[in-house]
Every structure is written in structure tokens, then in C-alpha cells.
Amino acid sequence: MNHVAGTSLEVSSLSDGDVSVVVGPLVDDGDDRMVVLAELPVSSDGLRLTSGTSSQLAAAARLALDRRLPLVLVLSTVGADIIEGVPSLDAWGRVASSMVSCSGVVPIVVVVDGPAVSGPALLLGVADITVMTEASYAFVNGPVMVEQFTGIGIDVDELGGAGNHARSTGVVTTVVSDRAAALDAAAELLSFLPDHVDAEPPVVDVDDPADRRCPEAGDLIPPTSTGSYDVRNVIEAIVDDGLVVELRPRWASNIVTAFATIDGRPVGVVANQPITLAGTLDIPASQKAASFVALCDAFNLAIVTLVDTPGFYPGKDLEWRGMIRHGAQLVYAYARATVPRICVILRKSYGGAYIVMDSKTMGNDLCLAWPWAELAVMGAGQAAAILQRRASDDERAEFEADYAERLLNPYVAAERGLVDAVIDPADTRAEIAAALEVLADKREALVGRKHGNSPL
């Protein structure tokens, strides 16, 4: 795609470190959708943020807020100007404050095309979407500081390279080759979101019939409850034309978060991924899903949750690192989400993970299950290990068979109103599309309060 200049605006008369601020289309693809694009000047040795430069960035954020337009910040800086001192820190603080004011009101995209060092690196965490080029890097403390404090030498790429953030930290939404590709990626991701919180996501024209049957979705599920498969293939079978834009694909790969459309309506998809850690929920997966659910809810994007998980991943390390608190983040995100929410149980839904993966208890609008779905506190083998510890092998086998027949099916939950319908997998797309149409006008007011105390 070609990138266009748009309309240049002088947001400040400051003479040093002028920031390029443009209001216009992000890419020249025939779409006239407007954004506020703020870019730092290119510097071979890394730009230091002066009070002037930071003031202009803060002004750009306020402009996006005033115009109710997405904010796209192209960042390349080695941090606050050391020589200028406190005024540069103060001005950067105003950038951070202005971006936080935008949060949840307009989408925020940060593109890192070079270094993002020290305090400015924290802007990546404030953003809704972060795109990094392959050669870029980001960290709060650089290699020099790390070695001074720890005695351990480390290079820039290992400490904060784009690949490291894609795999290990989850800071980056996607990694691309260069600046042009980054703006293209930003435009694609923004295409699923509205300009601001009071607008609806843009509905697109598609040729894929809403009532198209998708038998291949169910055919992908192995005959055994422990068999593995790639849930991304299930998603592709359900959504329009098989087109899926995955966010953070290399981080916490036991959960998939993605944008797609169904009958032209943008949706956010959350799905357990059985090919990684059997689709269990651990700390990174809980964080990834919670953040994505919050993003979708902030900008009126319906959420489709595909469930196939045996539960939370066990281990003392996870417990000591705060599995309770991080798992609660996902509970909190779903429970407070007011957008249309549709849950489809593909195969397993056990224990606490059953609750947090947008169960009826969490407030979903529609819960569907495939005929072989298993909804239970735990699987038959796990139940036997706890309840039949002293039983013989034959007694344990008999217990497991009876347990599976009586409890491991979706009809018990359906009888109690915890599953709205048990459906043919081939009808999944049609059922979701019909529900999205019915729920298009859903409006739900939250209880008046300053804000909830989320388990950060």
C-alpha cells in the first residue's frame, strides 16, 4: 500500500525536535478513514525527547481525543534528554498522561521503528495495538544499566528486540519488516475497530453467505478427548472467507486471540489452542485473553469464545507467580464486558477454566455446545484418581465409564440452562451470524462507580 501525507497540522510552534503530525488516511488504499498520525523525526544516533518534542506528542494525543480519531504514534527514541534534565521528564509525563486520557475513548496504536528506551518504552504498554519492525527494540533499562546493576552483559536484541517481545513478553501485537509494513499492519488492525467509543465497528460487504454450513469445523476435532488439533483451522472454517488476523500469535500460544468478520460484522475471537499445553490456561494465556477481551469491549466489538480446555495448567511455579491474580484478570474482563458475547464449547470445558472462558455464569448472551462437548468439574480419569484412590483397577474403570456416560456430555448443562443449545458443528457459523444480528442493538449500562478495582 502507498502511504499518504494527509493534512499536516502545526500543533506547536516550538522550534526544536518538531514532530510530524498529520490528520488523514493512514494508507492509500481507497479508504478515506482518518487517523491522527504523529511521527518523531529520524535520528541516526537515536532521538532524545526534549520538552519541546514531548509537548508536541502530547498535543497530538489531545488532538486525537478532541477529533475522536484513532491515534497512531510512530516512536523512535532513546529516552528523555539527559542534558535538559527534569523539564524533559516532565514533558514526557504529559505524553503518558495524554495517552492515558485517550485510552478507551479512541484506539491507540504505537509503531516502534527504531529504539524505544527508558520511560517512553512504557507507552507500548499504554497502547491498544503495538507494532514493531524487525530491527527495532524496546526496554526500560538498557544493556549498560543491566550490566552495571547485575554484572551480566547482554545485547540490545536479546534484552528487548522485537522477536523477544513477540515470544516472551507479549508487549508487541505483531512484528513486521519495516515502517511501511508497520503502517499497513496498523491500518489492517484498525479496520476492525471504530474511530471512537461511541461508534460501532464498520460492517463490511462480504460474499460469504451467513448461513453457509461448515462441516469441516467439526471434522477437525479428533475422536479422542486428548487428541490434538489446530483451533485456528476451526476459526477459519467459521469466519468470513477464512480470513483471520491474529494478535500476539507467538506469545502465550495456548490461547488464540484474533480479529475476523462473520456476515461482515467484525468480531474478536478468543480460542483455547489444544496444540500448545493442551489448551490449558496459564498466566500468559490469562493475561493475553483478558487484555484482548478488554480491548474488544472498549470498542464495541462482539466477542466469540471457542472453548476446548482441560483447565488451568498446574504447577507450584505458576501458583507462586500469582496464578490466582492473573486468572482473575480473565474473570474480571469477561464479567464486565457489555458487548455481545457468544460462547461455543467445542470439546472440553473443565473446572475453573469452564467458568472463566465466558460461561453462562460470566454473562454470555448465547452458549452453544457441540454434541460431544464435555462440561464437568474434571475429566473421568482425574475424578477417579481423587474419588477412587483405593479402588481396584476394575472398580476404577467402572467408575470412569459411569462418570463419562452420566456427566461428560452437554445435555446435563443444557437441562439446567447453562447451555442454550446443542448444535451440529456444521451450523456453527449460521448460529453465530444469526445471534450477532439479534444482538447488534445490545446496550448494557454498567453500575455507576468511579471504576472497578481490577486484579492488575
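The values are calculated or read from the model by the stated rules, or taken from the named source; none is laboratory data. None of the values given here were measured: they were computed from a predicted structure. Cβ placement follows ideal geometry from the backbone for every residue including glycine, while neighbour counts extend to all protein chains displayed.
Just one of (1) surrounded by 17 or more Cβ atoms within 10 Å (Cβ to Cβ); (2) under 27 Å from residue 422 (Cα atoms); (3) of a type in the set (S, T, N, Q) fails for residue 338. It is (1).
Residues in the range 197-246 that are in a loop (DSSP other than H, G, I, E, B), assigned by TED's automatic domain parsing to the domain that holds residue 299 and under 30 Å from residue 65 (Cα atoms): 1 in all. Within the range 352-377, the set of residues being small (Gly, Ala, Ser) and either surrounded by fewer than 20 Cβ atoms within 10 Å (Cβ to Cβ) or in a strand (DSSP E or B) (or both) comprises 352, 363, 369, 376.
Any residue at all in the range 334-349 that's of a type in the set (Ser, Thr, Tyr), more than 18 Å from residue 408 (Cβ to Cβ) and touching a residue at least 12 places away in the same chain (Cβ under 8 Å)? Taking every residue of the range 334-349 in turn, at least one turns out to be of a type in the set (Ser, Thr, Tyr), more than 18 Å from residue 408 (Cβ to Cβ) and touching a residue at least 12 places away in the same chain (Cβ under 8 Å). Exactly one residue among 404, 413, 430 is buried (at least 16 other Cβ atoms within 10 Å of the Cβ), in contact with a Lys or Arg (Cβ under 8 Å, 6 or more places away or on another chain) and in a helix (DSSP H, G or I), and that residue is 430. From the list 118, 76, 51, the one residue that fits, being under 23 Å from residue 156 (Cα atoms), in contact (Cβ under 8 Å) with a residue 12 or more places away in the chain and touching a Pro at 6+ places or on another chain (Cβ under 7 Å), is 76. Quick one: how many residues across the range 88-106 are out of contact with any strand residue (DSSP E or B) (no Cβ under 6 Å at 6 or more places or on another chain), of a type outside the set (Lys, Arg) and more than 11 Å from residue 127 (Cα to Cα)? The qualifying residues number 8.
Going through the range 180-203 one residue at a time, which ones are surrounded by fewer than 19 Cβ atoms within 10 Å (Cβ to Cβ) and closer than 11 Å to residue 106 by Cα? Within the range 180-203, 197, 198, 199 meet the criteria. Just to verify a result, which residue in the range 293-340, among those that are of a type in the set (D, E, K, R) and in contact with a Gly (Cβ under 7 Å, 6 or more places away or on another chain), is nearest to residue 261 (Cα to Cα)? That would be 308. Checked against (1) farther than 30 Å from residue 188 by Cβ; (2) crowded, with 23+ Cβ neighbours inside 10 Å; (3) among the hydroxyl-bearing types (Ser, Thr, Tyr); (4) in contact with a Phe, Trp or Tyr (Cβ under 9 Å, 6 or more places away or on another chain), residue 349 passes all but condition (4). Just one residue in the set 295, 277 is in the same structural domain as residue 339 (by TED's automatic domain parsing) and within 15 Å of the chain's Cα centre (by Cα); that residue is 295.
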